[in-house]
Each structure stands twice: as structure tokens, then as C-alpha cells.
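Asks: Before I ask anything, here is the structure I am working with.
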Amino acid sequence: MHILTDMLSFAFIQRAFLVGIFVSLCSALLGVSLVLKRYSMIGDGLSHVSFGALSIALAFGWAPLKFSIPVVAIAAFFLLRITENAKVKSDAAIAAVSAASLAIGIIVTSLKTGINTDVASYMFGSILAMKQEDVVISILLSVVVLILFCFCYHKIFAITFDESFAKATGVHTSFYNTLIAILTAVTVVLGMRMMGALLISSLIIFPAMSSMRLFKRFSFVIISSGIIAIICFCAGMITSYQFDTPVGASIVIIYLAIFFLFCIIQKIKTICKKSAVNKK
Amino acid sequence: MTNQSELCFSHVTLGYESTVTTTNLTLSIHSGDYICVVGENGSGKSTFIKSILGILKPLQGEIIRKGEWKQNNSIGYLPQQTPAQRDFPASVQEIVCSGFLNQMGFRPFYKKQEKEKALENMIKLGIENLRNRCYRELSGGQQQRVLLARALCAAQKLLILDEPTTGLDSNSSDELYNILNNLNDKEQITIIMVTHDTERAVQYAKQVLHLKHNGYFFGSSSEYQKNFKK
């Protein structure tokens, strides 16, 4: 408790907590759908695009969030389209796009400013990167993402579970797929500054993966992912403050621990079930 | 007139991209029919279904829907299973209820009547005791019945099934055919089913549509058995 009050006395840590909780929640919710649709790598690809966009914005002195959110949203839209028409294999497309945008980002920064701390913070994440204005934008956008997600929850479920059925019964699947892509793009850009381009996809993948070990209902998986995301984020922040480790990396390690914990619980549960059946 | 709903194909050519699968198809499907669509791989069975669902436009000709089948949400569809579904964490109830989506518009929650209707359909197919179970833990036959219940929620009168018996053992296949027969007999539900399991499906169906690369056969099941079985 003492550590927490200590931490919250810093304004920049307060900001980081606020933004981090919202962004973790958004990415966990969207992550369930992405993981189940086999789109886990899209989060990773988008973070690299986002890195490219942010370094261009930085080099030319544009507002980073306002520039990169539209760019990443467009990239997300096209990556999903590619996945749909299957002429180019989507994993290859994602790998190509992410490498290319990383390359563009690196060239632009080395020509303009050189690899400085700002760029490094986009790579590995830094809570110091959060400025007052970013906090306002981040929270507003996160709230929009959360509201849209709740509002379209059943449709997202149907599209995730069975796209051809949804399409046949008249749900506008491409509209909702685009919506998911754009929401993911926004979340990735927002989360990247804290987690870093290299680690942001863990926010999307880990909560869903862990929850799916234990829960058998879509609604429970969603709720549990949200809770895991918030707990792991806070735990990661505290660890990072206490042991002086980078925030992003600490959060990922906590996620990994939770994942193993859930795996063990699952194992124990199946063993118990088996022995119960044997007794009968 | 009892047979008001109709689905008419007039001189329809079907295909996708540069491939033409079926040419000059003319037939009409009436309510109460039970049609089994057979044919080799690549003969255009899936294309035929997609054209009924309105996902694929015919290259030539016209597909006309009359009566109750005019609206797009009057068709219940049972697609082939995807690999992603096999480890999907969802309860049976969640899946069955998702059949109502097309009637929801922008309403974000299910109505009470819809939940009751879903339960009714589950009872009809004998899966009400599974409703809190997880989909991935069910057997193949049970999974198909769940998807069938969902299709019934989406539409009361017309069901389209895409290879429903793939991966089922012969007992569960028979069970599924019996359920379909019941729905067709007692509830007057029209059924259009694509299948590889020609021999058995033909015995249950009333009509057969056999798609071939150079034409098609459409007629009653007994006629089909006479002509094609020696």
C-alpha cells in the first residue's frame, strides 16, 4: 500500500495508470476476437506500422497520435482485406508490411534526427512518453472503443464464431471486420507508447490466451480477459517501480506468469475430473 | 394456394471469377420441398448455395424469390465447420441465440421472447440439457444439432445445409437425417442440402438436384434412383 501511495504522488505515474488501464482493457477485449479468428499477428504487424508512422511524425514535428492513428487504421483495413481474399497469404503479407514500415521508420529517423531517446521509447515503451494531451486523447478513444465493443458484442461474437453464417443471414460482416480492424489500430497506437512497438501485441494475445484455458463461455472469456488485463497492468507497473525495470517488459512477464498459473489450474481441474469419473 | 413461397431460377449461369460452374439452370423450389444437391467436387454445389443465399450474384439469368422468402433473413444456413470452431470457447446457448442476430438491427441485447424461442428450438432437437455445456466438448453429431438449432432461430421456413454429415459416423448421420425428415414432415420446413453422402441422402430427400460439368438433373428422388442406380 505504501508503494502505491508513493507511486501515485508522481503526476506522470498517475497518467500512466489511467491510460494503461483503459488501453489494456480495450486490447484484451478485442484480443479475444482476434486470437480466435487467428489474427493474432495483426497486432504485431500494426505496431510496426505504428512505429514507422510515429517516427515520421517525430521527424517532421507533427502531432504523433493524430498522424499515426489514421495511418495505422488504413494499414489495418488493408491487412484484413488481404486476409479475406487469400491470394496473398496473410502471414506473409503481415510480415512484409511490418518489416517495410519498420525500415521506413528507421531510415527517416536516421536521416532526420538519429536514433534518440524518443525513438527508443517507441521501440521499448516508456511511461515518460505520456503527455497531458495524449492522456486526454487516449482516454477519449478508449472509451469510444469500449462503448462500440459493448454495443456490437453479439455481432462480434457471431462473426468470430462463424463468419459465413453471419454473412448468409444478412449481417454486414465486412463492416464489422473493418470496425474491429480500426478499433485494433487505435488501441495499438495508444498502447504502443507505453508498451513499445515490440511488446504491444502481448496486451492483445495474453489475456485471451490465459482466459481460454479456464473458461468455456464466450462472455466469461471476455470478462476474465478484461480483469486479467487490468490486474496484470497494475502489477507490472508496481514491479517496474519497485525493481526499476522497464514497464512494458515487466507487464509482459506478469502476463506470462498468469498464463502459466492458468495452465496449471487447468491441468489440476482435468485431473480432478478424471479421478471423479474413475470413482463412479 | 398453399405453395406461395417459391424460389425460381430462370436460365441461370453460375460461377466465380473466371470459372463457370453451371449453365442454363432453370428450376423452381417450392415450400415444403426437401432437395438434396449432389455432384462431384467442383461441380458447383457450393456456388449454387451461395447464389441462393445472395452472397454470389449469377453471371447470367435471374434468381427470383417470392412470398415469405423475399427477405434475406428468411433463410437459415448451416455452413461447413471451420477449424477455428473446434476449439472455440462458447456455450451452446450463446451459439443458438446468435441465430437471432439478423432480426436485431442495432438492438444490442436479446429479447425475452428470443431466448424462449431459442430454448424451444433446443428442445426440438433434443439438446436442451446441453445448453450450458461448452461447444468444443460436444461430439460431432451434437455440434451439428447445435448449429441446426441456430439455423432454426434465424429462419423458420427454409433451411440450407452445406455437407451436414461430414465427419459424422453413420449413426449420428442417420440421427441427423431423421431430425431433418421430422422438420420437413411436421413443420413444413423446406430443406436444401448439399451432400457427398449421396446414397443415403437420396433415400431421405424428396427431390434430387445432380450438378454435372455439362448439365444437371432435377427431379424426384425415386426417378433419380431409377436412372442412376443399376
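The values are calculated or read from the model by the stated rules, or taken from the named source; none is laboratory data. None of these values were measured; they are calculated from a predicted model. All Cβ positions, even for glycine, are placed from backbone atoms using ideal geometry, and neighbour counts span all protein chains on display. Heavy atoms of the whole protein, side chains included, go into the accessibility calculation; ligands, DNA and RNA do not. Shrake-Rupley method; radii C 1.70, N 1.55, O 1.52, S 1.80 Å.
Asks: Being on the phi < 0 side of the Ramachandran plot, out of contact with any Gly (no Cβ under 6 Å at 6 or more places or on another chain), in contact (Cβ under 8 Å) with a residue 40 or more places away in the chain and not in a helix (DSSP H, G or I) is the requirement here; does residue A:183 meet it? Don't jump to the end; show me each part of the working.
Replies: Details: on the phi < 0 side of the Ramachandran plot: yes; out of contact with any Gly (no Cβ under 6 Å at 6 or more places or on another chain): yes; in contact (Cβ under 8 Å) with a residue 40 or more places away in the chain: yes; not in a helix (DSSP H, G or I): no.
No; evaluated as a whole, the condition is false for this residue.
Asks: In this structure, is residue A:204 open to solvent by 10 Å² or more (accessible area, probe 1.4 Å), part of a helix (DSSP H, G or I), more than 14 Å from every other protein chain (Cβ to nearest Cβ) and among the aliphatic types (A, V, I, L, M)?
Replies: Numbers: open to solvent by 10 Å² or more (accessible area, probe 1.4 Å): no; part of a helix (DSSP H, G or I): yes; more than 14 Å from every other protein chain (Cβ to nearest Cβ): yes; among the aliphatic types (A, V, I, L, M): yes.
Here the answer is no, as residue A:204 does not meet what is asked.
Asks: OK, next. Identify, please: which residue in the stretch B:102-124 is within 12 Å of chain A (Cβ to nearest Cβ) and in a helix (DSSP H, G or I) and is, among those, surrounded by the most Cβ atoms within 10 Å (Cβ to Cβ)?
Replies: Across the stretch B:102-124, the extreme among qualifying residues is B:102.
Asks: So residue B:84 clears everything in (1) open to solvent by less than 10 Å² (accessible area, probe 1.4 Å); (2) free of Cβ contacts under 8 Å to residues at least 24 places away in the same chain except one condition, right? Which one?
Replies: Only one criterion in (1) open to solvent by less than 10 Å² (accessible area, probe 1.4 Å); (2) free of Cβ contacts under 8 Å to residues at least 24 places away in the same chain is unmet by residue B:84, namely (1).
Asks: I'd like the full set of residues that are within 23 Å of residue B:91 (Cα to Cα), open to solvent by 40 Å² or more (accessible area, probe 1.4 Å) and in a helix (DSSP H, G or I), limited to the stretch B:146-185.
Replies: Matches in the stretch B:146-185: B:175 only.
Asks: Modelled with pLDDT under 85, surrounded by 15 or more Cβ atoms within 10 Å (Cβ to Cβ), under 22 Å from residue A:124 (Cα atoms) and more than 20 Å from the chain's Cα centre (by Cα) - does that describe any residue in the stretch A:54-62?
Replies: For the stretch A:54-62, residues modelled with pLDDT under 85, surrounded by 15 or more Cβ atoms within 10 Å (Cβ to Cβ), under 22 Å from residue A:124 (Cα atoms) and more than 20 Å from the chain's Cα centre (by Cα): present.
Asks: Name the strands (runs of 3 or more DSSP E) wholly within the stretch B:1-63 that hold at least 3 residues that are surrounded by fewer than 19 Cβ atoms within 10 Å (Cβ to Cβ)? Explain how you work it out, then say what you get.
Replies: Values: elements: B:6-16, B:19-30, B:34-39.
Answer list for the stretch B:1-63: B:6-16, B:19-30.
Asks: So which of A:34, A:58, A:18 ends up being within 21 Å of residue A:175 (Cβ to Cβ) and either of a type outside the set (Asp, Glu) or in a helix (DSSP H, G or I) (or both)? Can you show your working first?
Replies: Working: A:58 fails: within 21 Å of residue A:175 (Cβ to Cβ); A:18 fails: within 21 Å of residue A:175 (Cβ to Cβ).
Going through A:34, A:58, A:18 in turn, just one is within 21 Å of residue A:175 (Cβ to Cβ) and either of a type outside the set (Asp, Glu) or in a helix (DSSP H, G or I) (or both): A:34.
Asks: Quick check on the stretch B:76-101: of everything there that is within 17 Å of residue B:114 (Cα to Cα) and part of a strand (DSSP E or B), which residue is nearest to the other protein chains (Cβ to nearest Cβ)? Reasoning before the result, please.
Replies: From the stretch B:76-101, those within 17 Å of residue B:114 (Cα to Cα) are B:76, B:91-101; that's our starting set.
If we keep only those that are part of a strand (DSSP E or B) too, we end up with B:76, B:91.
Details: B:76: 8, B:91: 5 Å.
Applying the filter and picking the extreme gives B:91.
Asks: Shifting gears a bit: Tell me yes or no: at least one residue of the stretch B:134-143 is under 25 Å from residue A:218 (Cβ atoms), touching a residue at least 24 places away in the same chain (Cβ under 8 Å) and of a type in the set (A, V, I, L, M). Please lay out each step first, then the result.
Replies: Kept after step one, since they are under 25 Å from residue A:218 (Cβ atoms), are these residues of the stretch B:134-143: B:134-143.
When the remaining residues are screened for being touching a residue at least 24 places away in the same chain (Cβ under 8 Å), the result is B:134-136, B:138-141, B:143.
Those still in the list that are of a type in the set (A, V, I, L, M) too: B:138.
There is at least one residue in the stretch B:134-143 that is under 25 Å from residue A:218 (Cβ atoms), touching a residue at least 24 places away in the same chain (Cβ under 8 Å) and of a type in the set (A, V, I, L, M).
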